[in-house]
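The values are calculated or read from the model by the stated rules, or taken from the named source; none is laboratory data. None of the values given here were measured: they were computed from a predicted structure. When we count neighbours, we look across all protein chains shown, and the Cβ atoms used for this are built from the backbone with ideal geometry, even at glycine.
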Amino acid sequence: MHKNYLIVITLFLISPWNTVLSGEGPGNPKPVIRVKDNMTPLSGNSVHLTGFLGEKIDLCIKNRIKAQDVPVLIDPFRNRTETRFWQSEFWGKWITSAIAAYRYNNDKALLAIIKKAVSDLLATQSPDGYIGNYEAGSHLKEWDVWGRKYTLLGLISYFDISGDQNVLKAAIDLTDHLLTEVGPGKSNIVLTGNYRGMPSCSILEPIVLLYRRTGEARFLDFAEYIVRQWETPEGPGLISKALSGTDVALRFPKPEIWWTWENGGKAYEMMSCYEGLLELYRITGEPQFLQSVEMAVENIMEKEINIAGSGSSDECWYHGHENQIYPAYHTMETCVTTTWMKLCYNLLQLTGKSVYADQLEKSTYNALLASMKPDGSTFAKYSPLEGFRSLGEGQCGMPINCCVANAPRAFLLLPAFAILKTDRGMAINLYCQSEMNIRYEENNMVKIRQITDYPVSDSIVIEVTPEREGAFDVNLRIPAWSEVNTLSINGKPSGEVKAGTYKPISRTWKKGDRIVLKLELKARLEKLDNRYALVRGPVVLARDSRFRDGFVDETSSVIMKEGGIPLKYELRNPLGNEGEMWMRFSTDLEFGTNQEIRERIRNVRFCDYASAGNRWDSRDRFQVWLTGTVDTKEK
């Protein structure tokens, strides 16, 4: 491995990607985009989700995004007394989610809130261009550059919906000020901040986005400088370590002090850097950039992502897939869930590979939904697979934390992910009650309507209604877990439907065309060591103490019958006044270790993991991974 690593890094350093692409500035041709996405999002408010997911998005917008006390987020930019903390990230996270919400629902009242938030922030910009919360003598320390990243993302997002040149100029001035402090002959970006410089280096993403909007060559120069620094001895080695196949949890030794620069396993910040690298790949076309991200993501999927679609302990990679059956401190940070979903969405757009859409679905229905309070007003900082739900603390002396600010960005990703345009038509990625409008040709708007309560039931009806007849493809994502599937078009069966890929339907579509897709929602048994969990479709199941059907941690075994696990769906809510659950099931389990005891078989209930413990009361205990009973006769 060590020898291979040296070969990889040598090849990387002599790679032609080091040659800077020149841009000539505003007024000249836009920067060349060398790589076009395989799938692209629809414009404006073309997608409207209803049903269960749509309701959750609406609650998030109403009770979290629109309810935010925005002046509180801007105060740190006015005060500038900070030397250590990350107050300046909150404005950028909040406003990018608010802008995504406005794109989704075209809410004029929300737009007014956004406009004032941008205006008030720009009033804090110094003549030298700086926008931030750090005192003058502490620039580049701790989370300063990280905060500037989120400010840039927010300003660029607002420019994209408004076209306001003053906002673009503010973003340019902010970046130019950073260039006076960081770069060749100045401070080394990988030595600023924490975690091998990854928080600071994640500013790569908005730097590339700014280059795409201005054509200013110095921004591309700076972006490529950042990536070169990754592969210096002080850097995090984000490309070379990925290409060498090094596990993300083993890239650096464990630090003596966890929350320091020496810690190179910070999950959220590492993925944020990879998001920026994908943006740079779109500009340069350098194949190592995409290859390294895909290899890192493959390693994360294999070694880190748990049954609920998230990962991390104490916010770092820790071989979380194999260790998810053991209690660990601070598991499944919601910032990790959000960034994992954004990274998968980015790769889905670039590559069109359904594996990334499968990951997004798993994270959505489990880790993401579990992090939200039922009314959408706030979010957990960590979401364990056992125990009880709890809120995170306020951070940096403010009544908000990183995850509360970040989670809405993942919820507002869902409409964009739900359907994407392809060269020949569209790809439907998220099955839920929804209406979507996609312009396939200049004069042909196609309405896609989904009628379903999936994943409660297995049937998805898709109505395809073009304004006029047209030939195009409708690609249906077939999840990897769904082995037996049926598909019909206007009542006629339509060939093989293979799991883990897209099913393309190529035909001339006309008004009234109707697709019916049925997926296999039978319960599956997942095993690790002597623990087991039940999964139905994309949804992880959990025991919950509110059912009052036994101790949720008791030893048990699944009773398999012909055809699998006999899981019964329950229409009635058995909780009374103790909370609502989205999905409820029951099945027989065999309990204990003494088979001579009568009545050892009991019928117990499970709910979807996101609903488990959703009163957020410490008296409500839930468990995903159940302790199995060892049968030595089978050893």
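Just a few scattered comments:
- Some residue of region 604-615 being closer than 23 Å to Ile325 by Cα, of a type outside the set (Asp, Glu), surrounded by fewer than 18 Cβ atoms within 10 Å (Cβ to Cβ) and within 29 Å of the chain's Cα centre (by Cα): no
- One residue alone among Ala370, Ala416 is at pLDDT 95 or above, assigned to a helix (DSSP H, G or I) and surrounded by 21 or more Cβ atoms within 10 Å (Cβ to Cβ), and that residue is Ala370.
- The residues of region 119-142 that are touching a residue at least 40 places away in the same chain (Cβ under 8 Å) and more than 30 Å from Tyr195 (Cα to Cα) amount to a single one, Asp120.
- A search for C-beta distances below 9 Å between a residue of region 69-84 that is hydroxyl-bearing (Ser, Thr, Tyr) and any residue that is surrounded by fewer than 18 Cβ atoms within 10 Å (Cβ to Cβ), counting only pairs 6+ apart in sequence or on different chains, returns Thr81/Glu135; Thr83/Glu135; Thr83/Gly137; Thr83/Ser138; Thr83/Lys141.
- If you check Ser506, Ser557 for being touching a strand residue (DSSP E or B) at 6+ places or on another chain (Cβ under 9 Å) and either at pLDDT below 95 or more than 26 Å from Ile451 (Cβ to Cβ) (or both), only one passes: Ser557.
- Residue match in region 203-212 (condition: in the same structural domain as Thr232 (by TED's automatic domain parsing), buried (at least 22 other Cβ atoms within 10 Å of the Cβ) and under 27 Å from Ile257 (Cβ atoms)): yes
- Identity of the residue in region 618-635, more than 27 Å from the chain's Cα centre (by Cα) and of a type in the set (Lys, Arg), that ends up surrounded by the most Cβ atoms within 10 Å (Cβ to Cβ): Arg619
- You will find that of Glu231, Glu224, the residue that is over 20 Å from Thr175 (Cα atoms), touching a residue at least 24 places away in the same chain (Cβ under 8 Å) and more than 21 Å from the chain's Cα centre (by Cα) is Glu231 and no other.
- Helices (runs of 4 or more DSSP H) enclosed by region 1-110 - at least 2 residues per element that are at pLDDT 95 or above and either touching a strand residue (DSSP E or B) at 6+ places or on another chain (Cβ under 7 Å) or assigned by TED's automatic domain parsing to the domain that holds Gln349 (or both): 51-60, 70-79, 88-105
- Looking across region 432-456, just one residue is touching a residue at least 60 places away in the same chain (Cβ under 8 Å) and over 25 Å from the mean Cα position of the chain (by Cα), and that is Val446.
- Selected residue (criterion: surrounded by the fewest Cβ atoms within 10 Å (Cβ to Cβ)) from residues of region 337-362 that are in contact (Cβ under 8 Å) with a residue 24 or more places away in the chain and basic (Lys, Arg): Lys342
- Filtered by the rule that a residue be touching a helix residue (DSSP H, G or I) at 6+ places or on another chain (Cβ under 7 Å) and under 19 Å from Ile300 (Cβ atoms), region 253-268 gives Asn263, Gly264, Gly265, Lys266, Ala267, Tyr268.
- Hey, Gly550 touching a residue at least 12 places away in the same chain (Cβ under 8 Å), farther than 25 Å from Ser482 by Cα and not acidic (Asp, Glu) or not: yes
- Selected residue (only one of Ile489, Ile505, Ile460 is closer than 25 Å to Leu525 by Cα, touching a residue at least 24 places away in the same chain (Cβ under 8 Å) and surrounded by 16 or more Cβ atoms within 10 Å (Cβ to Cβ)): Ile460
- Residues of region 621-635 classified as at pLDDT 95 or above and over 14 Å from Asp529 (Cα atoms), total: 4
- When we screen Lys447, Lys421 for residues that are among the charged types (D, E, K, R), buried (at least 16 other Cβ atoms within 10 Å of the Cβ) and not in a helix (DSSP H, G or I), the only hit is Lys421.
- Leu571 meets the conditions (1) loosely packed, with under 15 Cβ neighbours inside 10 Å; (2) farther than 20 Å from Asp458 by Cα; (3) without any contact (Cβ under 8 Å) to a residue 12 or more places away in the chain in every case but one. The failed one is (2).
- Helices (runs of 4 or more DSSP H) (entirely within region 270-352) containing at least 1 residues that are closer than 25 Å to Thr422 by Cβ and of a type in the set (Lys, Arg): 334-351
- Considered as a group, the residues in region 471-515 that are of a type in the set (Val, Ile, Thr) and in a strand (DSSP E or B) include one that is nearest to Gly537 (Cα to Cα), and that residue is Ile478.
- Any hit, region 185-196, residues being touching a Cys at 6+ places or on another chain (Cβ under 8 Å) and at pLDDT 95 or above: yes
- Counting only residues that are out of contact with any Leu (no Cβ under 8 Å at 6 or more places or on another chain) and crowded, with 19+ Cβ neighbours inside 10 Å, region 141-153 holds 7 of them.
- Scanning region 532-568 for residues that are part of a strand (DSSP E or B), of a type outside the set (D, E, K, R) and surrounded by fewer than 16 Cβ atoms within 10 Å (Cβ to Cβ) yields a single hit, Gly564.
- The one condition from (1) touching a helix residue (DSSP H, G or I) at 6+ places or on another chain (Cβ under 8 Å); (2) in contact (Cβ under 8 Å) with a residue 24 or more places away in the chain that Ser313 does not meet is (2).
- Annotation for region 386-401: no member residue is basic (Lys, Arg), crowded, with 23+ Cβ neighbours inside 10 Å and touching a Gly at 6+ places or on another chain (Cβ under 8 Å).
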